[in-house]
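A short worksheet on the structure shown next.
The values are calculated or read from the model by the stated rules, or taken from the named source; none is laboratory data. Since the model is a prediction, treat every value here as computed from it, not as a measurement. Heads up, the Cβs are rebuilt from the backbone with ideal geometry, glycines too, and the neighbour counts pull from every protein chain shown. Remember, those area values only see protein heavy atoms, side chains included, never the ligands or the DNA or RNA. Shrake-Rupley method; radii C 1.70, N 1.55, O 1.52, S 1.80 Å.
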Amino acid sequence: MNVEELEKRLAQLADTAVAELGETTEREEAIQVKNRYLGRTGSVQQLMPVMREISNEEKPRAGRAINQRKNQIEEAFEDKLDELAQLELKRRMREESVDITLPGRRPDVGLGHPLRQVERELISIFDELGFEVAEGPEIETDYYNFEALNFPPDHPARDMQDTFVLTDDRLLRTHTSPVQVRTMKAYDLPIRIISPGRVYRCDSDLTHSPVFHQVEGLLVDVGVSMADLKGILTAFAQRCFGEGTQIRFRPSFFPFTEPSAEVDVECIFCDGEGCRVCSDTGWLEVLGAGMVDPNVFKACGIDADTYTGFAFGLGVERIAMLKQGISDIRRFFENDQRFLEQF
Ligand code: FA5
């Protein structure tokens with residue numbers, strides 16, 4: 001074989017090696033092709049004995065041809081490995097990528113209890129009307145819950161509020177009115193407070209719960225009249241139930257207020273027309289109120305000739321039931337998540 005023939009042979013080998021490498025789709029396959037041509041027993045190596053047939057002058061030219069073709073195959077092999085690595089990378093990116101168009105999973109977020117929501121709203125309404133929050137204990141003495149509020153011992157009015165008695169002198173407070181007494185005894189006049197909190201009565205049906213919440217209101221100053229009570233409660237009703245809501249006072253009795261009234265708001269379900277919720281009266285009862293009885297002032301050391309005041313007490317559950325259209329008070333205390341999540 002002369003040098004021209006060797007060059008031709010090498011060119012053919014290199015062309016087929018490059019073509020075969022071009023066909024490969026796996027790294028292992030490409031390595032096998034390369035070894036078949038450039039390995040120790042590969043096609044190029046098998047041409048080596050031919051060198052003996054080539055004249056000494058032509059040997060350098062033959063050597064250059066061998067190296068050139070070896071490099072050509074080597075380069076095609078390296079290019080192929082790069083190409084396969086790029087394809088592999090693209091495949092993995094496709095498989096492992098995150099689909100950002102998938103809808104996310106919502107975490108369970110805790111919400112305020114419907115009663116707490118209404119209580120907060122009531123506090124913020126009275127805050128706007130200038131009332132500060134005062135608090136008192138849930139375990140009370142007979143003195144603060146009854147005696148100082150003008151309930152004489154053994155007076156039948158005590159039966160109005162069925163009491164959970166703890167010891168001779170301790171009981172679970174039946175209303176938030178004891179905070180009136182505590183505040184009047186502890187603070188200077190004038191006083192303008194509300195007192196939200198939990199109260200207890202031995203009482204249970206669709207509209208009565210043994211544990212419920214009240215918000216007490218108390219305003220004491222010189223020259224406070226029933227007209228101020230009506231003005232504050234009207235402003236409250238319109239903020240709580242909507243612009244233009246009317247209220248009415250019905251005569252009532254509480255030992256600690258004189259005169260006393262029960263206050264109704266115009267039915268928010270029928271705008272006063274009469275419906276099932278208001279038993280066709282057009283009105284809904286929401287709270288008790290009245291002018292502070294002089295005997296209560298006396299118990300608190302306040303001069304009833306100089307000062308007058310009004311007080312009111314509303315049931316938070318009752319207001320929440322009206323605002324949220326709930327017909328059974330027990331729903332608030334069952335902790336049924338399906339119910340609570342609606343608010
Ligand atoms: C009182 O408790 C008086 N302390 C309110 C008061 C304060 C009058 C200041 C005058 C001056 P009464 O027992 O009516 O009043 O209760 C007030 C409100 O609490 C009621 O209108 C009602 O909305 C709510 N309520 C009473 N009992 C229950 C109960 N068992 N479950 C849920 N709400 C109740």
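Over the chain, calculate the relative contact order: mean separation of alpha carbon pairs under 8 Å at least 6 apart, over the residue count, as a percent.
Relative contact order, the chain: 14 percent.
Compute the longest continuous run of the chain that contains no exposed trypsin sites (Lys or Arg not before Pro); treat a site as exposed when its DSSP state is not H, G, I, E or B and it has at most 11 other Cβ atoms within 10 Å.
That gives 106-275 as the longest site-free run.
Which stretch or stretches of region 180-199 have amide N atoms under 11 Å from the point lying 7 Å from A304's Cα along the Cα→Cβ direction?
none
Let's see if you can work this out: charge +1 on each Lys and Arg Cβ, -1 on each Asp and Glu Cβ, no other charges. What is the dipole magnitude of region 250-343 about its Cα centre, in debye to the nearest 20?
240 debye
Return the sequence-ordered ³J(HN,Hα) values of region 123-140 in whole Hz as given by the Karplus equation 6.51 cos²θ - 1.76 cosθ + 1.60 applied to θ = phi - 60°, using x for Gly and Pro.
Working through the residues one at a time gives 4, 6, 5, 6, 4, 4, 8, x, 9, 8, 8, 10, 10, x, x, 7, 8, 10 Hz.
Can you compute log10 of I(q)/I(0) for region 213-256 with the Debye formula, treating each Cα as one identical point scatterer, at q = 0.14, 0.19, 0.21 Å⁻¹?
-0.43, -0.77, -0.92
Using the Cα centre of the chain as origin and beta-carbon charges of +1 (Lys, Arg) and -1 (Asp, Glu), tell me which of L149, P178, V224 is placed farthest towards the positive end of the dipole.
Among L149, P178, V224, the one farthest towards the positive end of the dipole of the chain is P178.
For the chain, what is the accessible area per residue in Å², given a 1.4 Å probe and the full set of protein chains?
Ligands and nucleic acids excluded, the result is 58 Å² per residue.
At 7 Å along the Cα-to-beta-carbon direction for both M93 and D336, put a label point, then send me their distance in nm to one decimal.
Distance between label points: 5.4 nm.
Lysines near K185 by alpha-carbon distance under 26 Å, same-chain residues fewer than 8 away left out - which ones?
Answer for K185, where 26 Å is the Cα cut-off: K230, K298, listed by chain and number.
Size of the dipole of region 85-164 about the Cα centre, Lys and Arg at +1 and Asp and Glu at -1 on the beta carbon, nothing else charged, in debye to 20?
1260 debye
Please state the equivalent ellipsoid semi-axes for the chain: what are the square roots of 5 times the Cα gyration tensor eigenvalues, largest first, in whole Å?
Working from the Cα gyration tensor, I get semi-axes of 100, 21, 18 Å.
Among DSSP beta bridges whose residues both lie in region 78-214, state the antiparallel percentage, nearest 5.
Antiparallel: roughly 80 percent of the beta bridges in region 78-214.
Given charges of +1 on the Cβ of Lys and Arg and -1 on the Cβ of Asp and Glu, with all other atoms neutral, how large is the dipole of the chain about its Cα centre, in debye to the nearest 20?
1520 debye
Where does the charge balance sit around E4 when Lys and Arg score +1, Asp and Glu -1, over other residues with C-beta under 15 Å from its C-beta?
So the environment of E4 carries a net charge of +1.
From the phi angles alone, apply the Karplus equation (6.51, -1.76, 1.60; θ = phi - 60°) to region 323-331 and give each ³J(HN,Hα) in whole Hz, x where the residue is Gly or Pro.
Taking θ as phi minus 60°, the curve returns 5, 10, x, 9, 9, 10, 4, 5, 3 Hz for region 323-331.
Note down the accessible area of T174, probe 1.4 Å, to the nearest 10 Å².
Surface accessible to solvent at T174 totals approximately 0 Å².
Using just the helices of the chain, give the 222 nm mean residue ellipticity in deg cm²/dmol: DSSP H runs with n ≥ 4 each add -39,500 (n - 2.57), and the total is spread over all residues, rounded to 500.
My calculation for the chain gives -12500 deg cm²/dmol from helical runs alone.
What span do the alpha-carbon atoms of region 125-253 cover on each of the three principal axes, reported in whole Å from largest to smallest?
46, 40, 25
Would you mind telling me the share, in percent, of accessible area of the chain contributed by carbon and sulfur at probe 1.4 angstrom?
Roughly 47 percent of what the probe reaches on the chain is carbon or sulfur.
Relative contact order (percent) for region 3-95, with alpha-carbon contacts under 8 angstrom and 6 or more residues of separation?
41 percent
I'd like the isolated cysteines in the chain, meaning no second cysteine's beta-carbon lies under 4.7 angstrom from theirs.
C202, C240, C300 - these cysteines have no disulfide-compatible partner (Cβ-Cβ under 4.7 Å) in the chain.
Considering the options T41, T101, H213, tell which one lies farthest towards the positive end of the dipole of the chain, charges being +1 on Lys and Arg and -1 on Asp and Glu at the Cβ, about the Cα centre.
T41
Tabulate in residue order the Karplus-calculated ³J(HN,Hα) for region 168-175, using 6.51 cos²θ - 1.76 cosθ + 1.60 with θ = phi - 60°, rounded to whole Hz; enter x for Gly and Pro.
So the J values, rounded to whole Hz, are 3, 10, 10, 8, 7, 4, 8, 7.
Please give the length that would be gained between T141 and K8 if that part of the chain were fully extended, namely 0.36 nm times their separation in residues minus their C-alpha to C-alpha distance (nm, one decimal).
Answer, rounded to one decimal: 36.2 nm.
Where in the chain lies the longest segment free of GluC sites (Glu not before Pro) that are both loop residues by DSSP (not H, G, I, E, B) and have at most 11 other Cβ atoms within 10 Å?
Answer - 58-242.
In region 3-95, what is the volume of the convex hull around the alpha carbon atoms, normalised per residue and reported in Å³?
72 Å³
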